[in-house]
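Shown next, in structure tokens, is the structure this report addresses.
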């Protein structure tokens, strides 16, 4: 199953920025993220994200 940009937007709505990769993984674990989503969050190349756009760009680089 591929995670779409729209799914990410819906799933990550309500996050406060800046947000760290660690906090994103924790958010995912606490909110029932799929295994694929958690793997993608863990493999993000950046440690901290200043905005939703920056996070979305980084998510586009992981598979």
task: Sort out which residues of region 8-37 are part of a loop (DSSP other than H, G, I, E, B), touching a helix residue (DSSP H, G or I) at 6+ places or on another chain (Cβ under 8 Å) and either more than 18 Å from residue 50 (Cα to Cα) or modelled with pLDDT under 90 (or both), and write them in order of number.
output: 15, 31, 33
statement: If we ask which residues in region 27-53 are within 15 Å of residue 13 (Cα to Cα), over 8 Å from the mean Cα position of the chain (by Cα), surrounded by 13 or more Cβ atoms within 10 Å (Cβ to Cβ) and touching a residue at least 24 places away in the same chain (Cβ under 8 Å), their number turns out to be 2
- prompt: Residues in region 46-63 that are modelled with pLDDT under 90, part of a loop (DSSP other than H, G, I, E, B) and more than 13 Å from residue 3 (Cβ to Cβ): how many?
  reply: 2
field: The lone exception for residue 3 - which of (1) out of contact with any helix residue (DSSP H, G or I) (no Cβ under 7 Å at 6 or more places or on another chain); (2) surrounded by 15 or more Cβ atoms within 10 Å (Cβ to Cβ) it fails
entry: (1)
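The values are calculated or read from the model by the stated rules, or taken from the named source; none is laboratory data. It should be emphasised that the depicted structure is a prediction, and the values quoted were computed from it without experimental measurement. Quick reminder, even Gly has a Cβ in these numbers, built from the backbone with ideal geometry, and neighbours come from all protein chains shown.
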